[in-house]
Amino acid sequence: MTTPTHLSPSEIEAFGRELDAIRDRHLADLGERDREHIDRIISLAMTSEAAGRLLLHFGIDPISFVLGTGALTLSKILENMEIGHNVMHGQYDWTRDPKLDSHSYEWDAVSPSAGWRHSHNFEHHTFTNVLGKDRDIGYELLRVSADQPWNPGYLAQPLRALWLALAFQWGVALHDLKLEELRTGESTREEVLERAKPFLCKAAWQVAKDYALYPALSGLNAPRVLLGNLLANIGRNVWAFAVIFCGHFPEGAEIFHEAELEGERRAEWYLRQLLGSANIEGGHWLHVLTGHLSHQIEHHLFPAVPAWRYPEMAREVRALCERYDLPYNTGSLGTQLKSVAGKIFRHALPTKPRAALTRQAPPALAA
């Protein structure tokens, strides 16, 4: 790849070896602490869901509605972010616990887990922020870089972004179907329909569960339960959208071209993950609620390591970046959100792509 740094090839390899050492040290240390963490989160999510549903089903006042919706929202966020996402990355396969098996876990979202694992774990994490390879760049709805070709449809992208935030699980699921291949002729209508069958089955169950089954079980409280479930899903969608976009598309997060992958070695892959990701600063519970994707840099460097370890690993990675004079993109949630919003509005208008693949190199690293 075209290296956007001052480092020599030997320095890049040394940087990669030090990251390998951090990863290997944490993987070798996996054990009871990690199991206790995920069990606590699963228990919290289940308790929160039970409390939320009971308050919605049997409450009659506005306070119980707010508390019930809030508890259900918390449960859905925990299940989606800290449990589902991380389990499906294989972070807990070493436990050999069937409920933590990345290949059989099915999360509370309309995206079938099997399809999501391919589009996310393989396509996105292998080709992070590479135009033409990583379809997660703007989810093919938004232009977040001047290197993406502009067309008049992008003028509406602030509204598209609002829709994507409110309906994020649906946007992700439809994105995974690769519907654009109908337009390009890469897939036939029959192929797309066959690909859509798992999604249609999963989505039908999710809709029936939240908007028919649970409301029906509540009798006269059905409208209240339906609305609470809808708001909980929207809350989870908006939160996931914010976390993911803040981790990939704020200012300073790089976009790459396919040509930059030529001859890419593992150490250079590490560099691309570092340069294409960003972190969110905050306390313990913010990190838990983001599924520790507030440490998106560490997640992209070490996707198979249990995510709750990322705050500890981040101290090591940041010190390493300082020593090698490499950027480490981090900021508060408000700062990163403002940056993402600025990009969405700015790139809705025609903007010029960068002139060349080579970026400005920083001053040379002292020997």
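Quick rundown of the values:
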item: Residue match in the range 211-231 (condition: of a type in the set (S, T, N, Q), buried (at least 21 other Cβ atoms within 10 Å of the Cβ), within 15 Å of H125 (Cα to Cα) and in contact (Cβ under 8 Å) with a residue 60 or more places away in the chain); result: no
item: Residue check, E140 acidic (D, E), without any contact (Cβ under 8 Å) to a residue 60 or more places away in the chain and touching a helix residue (DSSP H, G or I) at 6+ places or on another chain (Cβ under 7 Å); result: yes
item: Any hit, the range 251-262, residues being part of a helix (DSSP H, G or I), crowded, with 20+ Cβ neighbours inside 10 Å, in contact with a Ser or Thr (Cβ under 9 Å, 6 or more places away or on another chain) and not acidic (D, E); result: no
item: First in the range 289-301 and more than 15 Å from V87 (Cα to Cα), second anywhere and buried (at least 24 other Cβ atoms within 10 Å of the Cβ) and among the aromatic types (F, W, Y), Cβ under 6 Å, 6 or more apart; result: H295/Y310; E298/Y310
item: Residue count, the range 110-135 (criterion: assigned to a loop (DSSP other than H, G, I, E, B), within 17 Å of G171 (Cα to Cα) and modelled with pLDDT of 90 or more); result: 4
item: Some residue of the range 75-96 being more than 30 Å from V172 (Cα to Cα), surrounded by fewer than 14 Cβ atoms within 10 Å (Cβ to Cβ) and either among the charged types (D, E, K, R) or free of Cβ contacts under 8 Å to residues at least 60 places away in the same chain (or both); result: no
item: Residues (more than 25 Å from the chain's Cα centre (by Cα), under 18 Å from S119 (Cα atoms) and not in a helix (DSSP H, G or I)) located in the range 175-217; result: E186, S187
item: Criterion violated by E32 - all others in (1) over 25 Å from G263 (Cβ atoms); (2) charged (D, E, K, R); (3) in contact with a helix residue (DSSP H, G or I) (Cβ under 9 Å, 6 or more places away or on another chain) satisfied; result: (3)
item: Qualifying positions in the range 1-19 - under 17 Å from A314 (Cβ atoms) and not aromatic (F, W, Y); result: E18, L19
item: Residue within the range 153-162 that is without any contact (Cβ under 8 Å) to a residue 24 or more places away in the chain, touching a Leu at 6+ places or on another chain (Cβ under 8 Å), under 25 Å from N237 (Cα atoms) and in a helix (DSSP H, G or I) present; result: yes
item: Count of residues meeting criterion [farther than 16 Å from G282 by Cα and either at pLDDT below 95 or assigned to a loop (DSSP other than H, G, I, E, B) (or both)] in the range 324-342; result: 4
item: Test: P363 is of a type outside the set (A, V, I, L, M), more than 24 Å from F15 (Cβ to Cβ), out of contact with any Cys (no Cβ under 9 Å at 6 or more places or on another chain) and modelled with pLDDT under 95; result: no
item: Complete set of residues in the range 278-293 that are surrounded by fewer than 18 Cβ atoms within 10 Å (Cβ to Cβ) and in a loop (DSSP other than H, G, I, E, B); result: G282, G283
item: Residues that are within 30 Å of D101 (Cα to Cα) and either touching a His at 6+ places or on another chain (Cβ under 6 Å) or not basic (K, R) (or both), drawn from the range 306-347; result: P306, A307, W308, R309, Y310, P311, E312, M313, A314, E316, V317
item: Qualifying residues in the range 26-41 (those that are in contact (Cβ under 8 Å) with a residue 12 or more places away in the chain and part of a helix (DSSP H, G or I)) - the one surrounded by the fewest Cβ atoms within 10 Å (Cβ to Cβ); result: L27
item: Test: residue in the range 168-182 that is more than 14 Å from L141 (Cβ to Cβ) and surrounded by fewer than 18 Cβ atoms within 10 Å (Cβ to Cβ); result: yes
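The values are calculated or read from the model by the stated rules, or taken from the named source; none is laboratory data. Note that the coordinates shown come from a computational prediction; the quantities given were computed from them, not determined experimentally. Reconstructed Cβ throughout: ideal geometry from the backbone, glycine too, with neighbour counts over all protein chains shown.
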